[in-house]
Amino acid sequence: MDVYISVDMEGIAGIATMDQIVRGGHGYPRSQELMTAEANAAIAGAFDAGADTVVVNDSHGTMDNLLQDALDERARLVTGSPKAQCMAHGLDGRHGVALFVGYHAPGGCPGVLAHSFSSWFTWMRLNDRLLSEAEVNALLAAEHGVPVGLVTGDDQICALAERVLPGVVTAPVKTAEGHTATNSLHPLRAQALIREGAAAAVKNAPALRPVPIPERLDLTVGFQLPAAAEAAADVPGAERVDEHTVTCPVPDLRRLMGLIGVWYGVAALAARTRLPLLDR
């Protein structure tokens, strides 16, 4: 079986602050090591359960965080950005199961460093339901007939995954104590839990089913800055609901991911225009 692993950073054990997850922060180099170690735990668990191949997609921020020379040499790595399918890039019908490591709760919900794709989105909804990155990537996997077998991160994203991803194995490696505070397992304990969970997910993969893809795909985003919402509403088919909210129907999941990417860029550009004012 070919196994796909998407690795984010916010849900890694021991990580709780912005200093740890942003390149240039004092804690970032150590976070790279922790992220790589949890990726290796998932890779090892997949091979423990008989995986034939494993591909890992670096899914955090600039998507070049994993330490390549420290990554399990049995796995291939998808690194760098932008990537058309973002956190699910490289996933296709050859894969028997997808594993999501280091994930976090969606924007608008409690959880360590909770957000949905952009910290400049307040929240994201699909058909009027709050949407996490894990759910978006599960839909992209489902388009290829691939189920999600494992989600790791804090207690909030693991609880959400158990509600929306039937049969998923979860590995809660920390408990959310606030947006930038956590009660975490020791990294070695977290890695052991992830390895065990990955092995169980791969073994159980034949019994899993992909999530259903909705017939209607209406994306709605709450933008922190009105200027971002104003620009986002210029996308053809988009409608500005209020000062901070824009909604737009999309015909398929490829366009959904494309629209998220465009609005992500719009939100970041609007934020950058504010930064000089904050430094005055």
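Which of the trypsin sites (Lys or Arg not before Pro) found in the range 186-217 are loop residues per DSSP with 16 or fewer other Cβ atoms within 10 Å of their Cβ?
Arg216
Once the convex hull of the alpha carbons of the range 101-168 is built, what does its volume come to per residue, in cubic angstrom?
It is 87 Å³ per residue.
Between Val151, Val262, Val56, find the one with the highest GNM mean-square fluctuation for the chain; connect C-alpha pairs within less than 10 Å.
For the chain, modelled as a Gaussian network with Cα springs under 10 Å, the answer is Val262.
If you average the sequence gap of Cα pairs under 8 Å that are 6 or more apart and divide by the length of the range 122-280, what percent do you get for the contact order?
23
For Ile43, Ile213, give me the order by solvent-accessible area with a 1.4 Å probe, most accessible first, ignoring ligands, DNA and RNA. Walk me through the numbers before you get to the answer.
Working: Ile43 0, Ile213 75 Å².
Descending accessible area places them as Ile213, Ile43.
Let me make sure I get this right: for the range 1-160, a, b and c are the square roots of the gyration tensor eigenvalues over alpha carbons, sorted descending. Under 1.5 in a/c it's rounded, otherwise prolate if a/b > b/c, else oblate. Which is it?
oblate
What is the log10 of I(q)/I(0) for the range 179-280, computed with the Debye formula using one identical point scatterer on each Cα and no solvent, at q = 0.13, 0.14 Å⁻¹?
-0.76, -0.80
Taking all protein chains together and a probe of 1.4 Å, list Glu177, Glu133 from the most accessible to the least accessible.
Working: Glu177 115, Glu133 5 Å².
Per-residue accessible area, sorted high to low, gives Glu177, Glu133.
Compute the helix-to-body angle for 133-142: its Cα long axis versus the longest principal axis of the chain, expressed 0 to 90° and rounded to tens.
70
When the Kirkwood hydrodynamic radius is evaluated over all pairs of different C-alpha atoms of the range 181-223, what value in angstrom, to one decimal, is obtained?
The Cα-based Kirkwood calculation yields 14.4 Å.
Roughly how many Å² is the accessible area per residue of the chain, as a whole number, for a 1.4 Å probe?
44
Relative contact order for the chain using alpha-carbon pairs under 8 Å, separation at least 6, rounded to a whole percent?
20
Which value, in Å² and to the nearest 10, is the accessible area of Met87 when all protein chains are kept and the probe is 1.4 Å?
Approximately 10 Å² of Met87 is accessible to the 1.4 Å probe.
Helix 28-48 versus the longest principal axis of the chain: what is the Cα-based angle in degrees, 0 to 90, to the nearest 10?
The two axes meet at around 50 degrees.
Rounded to the nearest whole Å³, what is the per residue volume of the convex hull around the Cα atoms of the range 1-88?
Numbers: hull volume 7.6 nm³, N = 88.
Taking only Cα atoms, the range 1-88 has a hull volume of 86 Å³ per residue.
Could you check the simple spin-label distance between Asn183 and Ala70, using points 7 Å along Cα→Cβ, in nm with one decimal?
2.8
Could you work out the mean projected area of the convex hull around the alpha carbons of the range 103-244, in square nanometres to one decimal?
Its average projected convex-hull area is 9.4 nm².
Tell me what the chain gives for mean residue ellipticity at 222 nm when only DSSP H runs of n ≥ 4 count, each as -39,500 (n - 2.57), the sum divided by the residue total, rounded to 500 deg cm²/dmol.
Rounded to the nearest 500, the figure is -11000 deg cm²/dmol.
Of the candidates His115, His60, His186, which one comes out as most mobile in a Gaussian network treatment of the chain with C-alpha springs shorter than 10 Å?
Its mean-square fluctuation being the largest, the pick is His186.
Please build a GNM for the chain, connecting alpha carbons under 10 Å apart, and tell me which residue among Leu77, Leu259, Leu269 fluctuates the most.
The residue with the greatest mean-square fluctuation here is Leu269.
In what sequence, largest accessible area first, do Asp2, Asp58 appear using a 1.4 Å probe? Working shown, then result.
Values: Asp2 45, Asp58 0 Å².
Of Asp2, Asp58, the descending order of accessible area is Asp2, Asp58.
The values are calculated or read from the model by the stated rules, or taken from the named source; none is laboratory data. Please read all numbers here as calculations on a predicted model, not as lab measurements. Backbone-built Cβ (ideal geometry, glycine too); neighbour counts: all protein chains shown. SASA here: full protein model, heavy atoms, side chains in, ligands and nucleic acids out. Shrake-Rupley method; radii C 1.70, N 1.55, O 1.52, S 1.80 Å.
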